[in-house]
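Here's the structure we're looking at; comments come further down.
The values are calculated or read from the model by the stated rules, or taken from the named source; none is laboratory data. This one's a predicted model, so the numbers in the text were calculated from it and none came from an experiment. Note: ideal-geometry Cβ built from the backbone for every residue, glycine included; neighbour counts use all protein chains shown. We work out accessible area using only protein heavy atoms, side chains counted, and drop any ligands, DNA or RNA first. Shrake-Rupley method; radii C 1.70, N 1.55, O 1.52, S 1.80 Å.
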Amino acid sequence: MAFRRRNKSYPFFSQEFLIQNHADIVFSLVIFILIGLMFEATAKTAILFIQPQYNVTTLSPEGEVTLYHYGWKDCATILFYFFIAIILHAVVQEYLLDKVNRRLHLSKSKNTKFNESGQLCVFHLVSSVWSFYILITEGYLLHPSSLWENYPHVHLRFQVKFFYLTQLAYWLHALPELYFQKVRKEEISRQLQYICLYLLHIAAAYLLNLSRVGLVLFFLQYVSELGFHIARLLYFTDENHQKMFDLWAVSFVFTRMATLTLMFLAVGFGLARAENQGLDLEMGNFNTVLIRMTVLLLVCLTQSWLLWKFIRFQLRRWREFRHEQAVRKKAATKQPLRPLKRDSLGHHENGVLKAENGASPRTKKLKSP
């Protein structure tokens, strides 16, 4: 199964060979793990990579319900879906983005940003719809107090645990993709910043048993980022499409305010009034003053940093717009309209000299040399 067109063959174990064939190599590893399910001796090991572990069956009014908690075996599951994310990345790049790039004929810098926005647009769309579905089915939106009541939320439903595992796998896969996609050095630091921030926040919400609050925050963040990347894709196709950036600006500010409000409501007030205060690793309770203040400080610093970048982006857009308007105004004043000169015999009409009576004057014949 080939994901890339091979314009040139490279020697085995070379850097170019790895970059060109990394999706095929990872696909072979996935097939190898799936084949392990067919044999009894390797089925128990292979299932660790595919299915989430640490399931517990409990009784509820609805009957028996299977819930999950986290442990070190989750690393194997994250590794498997890390491979799946690399394969899906290559599929989207080969069969969607590369075809669009050939028609747009973008520059190298714009091409890199177009590929980045295309990949993230697909991911944010899937993640926002998925997280919204979980919030609706679990009833977290209809009962906001459930975000902090009965903490710690150690036991998770399958869809919640699987959501967090796939989120960690995706953002971990983004690190080697910087190498596979040959991202420029100027862009690596910027992409590393938001990749590490996503990994830090997702891991903190998962390990500190703040999964319910994290789901709402991730939904808000992914919807906002989806609007930005759609606006950037439209801008690359046609630079006159600027209105989507204005809509994204409104949603961005709303997301920052909603994130800070929800964090102070859930962590600052909700968990502070809970009865089970104290650190208990066996019970998964991290409801202490130090941890709560650390979480709030982390979120506040992140939102402040995002707002600072947003303000700088808007100021740069405003300066570019003002400069463009000044250049257009200066060009208009330097090229005034020239008045049409009337001839004594007639006037000009549609580029042809007309006499006063409407007849065209006779042209004089030039003498041949």
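Identify, from the list T166, T137, the residue that is open to solvent by 50 Å² or more (accessible area, probe 1.4 Å) and part of a helix (DSSP H, G or I).
Just one listed residue meets the conditions, T137.
Hey, among the residues in the range 35-75 that are out of contact with any Ser or Thr (no Cβ under 9 Å at 6 or more places or on another chain) and among the aliphatic types (A, V, I, L, M), which one's least open to solvent (accessible area, probe 1.4 Å)?
Selected residue: A46.
What pairs come up if the first residue lies in the range 22-47 and is farther than 12 Å from I84 by Cα and in contact (Cβ under 8 Å) with a residue 24 or more places away in the chain, the second is loosely packed, with under 15 Cβ neighbours inside 10 Å and of a type in the set (D, E), and their beta carbons are under 8 Å apart, counting only those six or more places apart or on different chains?
none
Starting from residues that are among the small types (G, A, S) and open to solvent by 30 Å² or more (accessible area, probe 1.4 Å), keep the ones in the range 104-127 and report whichever is farthest from L88 (Cα to Cα).
Filtering the range 104-127 for residues that are among the small types (G, A, S) and open to solvent by 30 Å² or more (accessible area, probe 1.4 Å), the one farthest from L88 (Cα to Cα) comes out as S107.
Among the numbered criteria (1) open to solvent by less than 30 Å² (accessible area, probe 1.4 Å); (2) farther than 27 Å from E149 by Cα, which one does T237 miss?
Failing condition for T237: (1).
For the range 250-282, which positions are small (G, A, S) and open to solvent by 20 Å² or more (accessible area, probe 1.4 Å)?
S251, A258, G268, A272, A274, G278
Just to check your reading of the model, which residue among L210, L220, L172 is farther than 15 Å from M263 by Cα and either crowded, with 19+ Cβ neighbours inside 10 Å or of a type outside the set (G, A, S) (or both)?
L172
Could you list all residues from the range 289-335 that are in contact (Cβ under 8 Å) with a residue 60 or more places away in the chain and either of a type in the set (F, W, Y) or not in a helix (DSSP H, G or I) (or both)?
Across the range 289-335, the qualifying residue is only F310.
Quick check on this structure: which one of A85, A76 is farther than 30 Å from L281 by Cβ, in a helix (DSSP H, G or I) and small (G, A, S)?
A85
Surrounded by fewer than 18 Cβ atoms within 10 Å (Cβ to Cβ), of a type in the set (S, T, N, Q) and either modelled with pLDDT of 95 or more or outside any loop (DSSP other than H, G, I, E, B) (or both) - does that describe any residue in the range 94-103?
Yes, that holds for at least one residue.
Looking at (1) more than 19 Å from the chain's Cα centre (by Cα); (2) open to solvent by 20 Å² or more (accessible area, probe 1.4 Å); (3) of a type outside the set (A, V, I, L, M, F, W, C), can you tell me which one Y179 breaks?
Status for Y179: all satisfied but (1).
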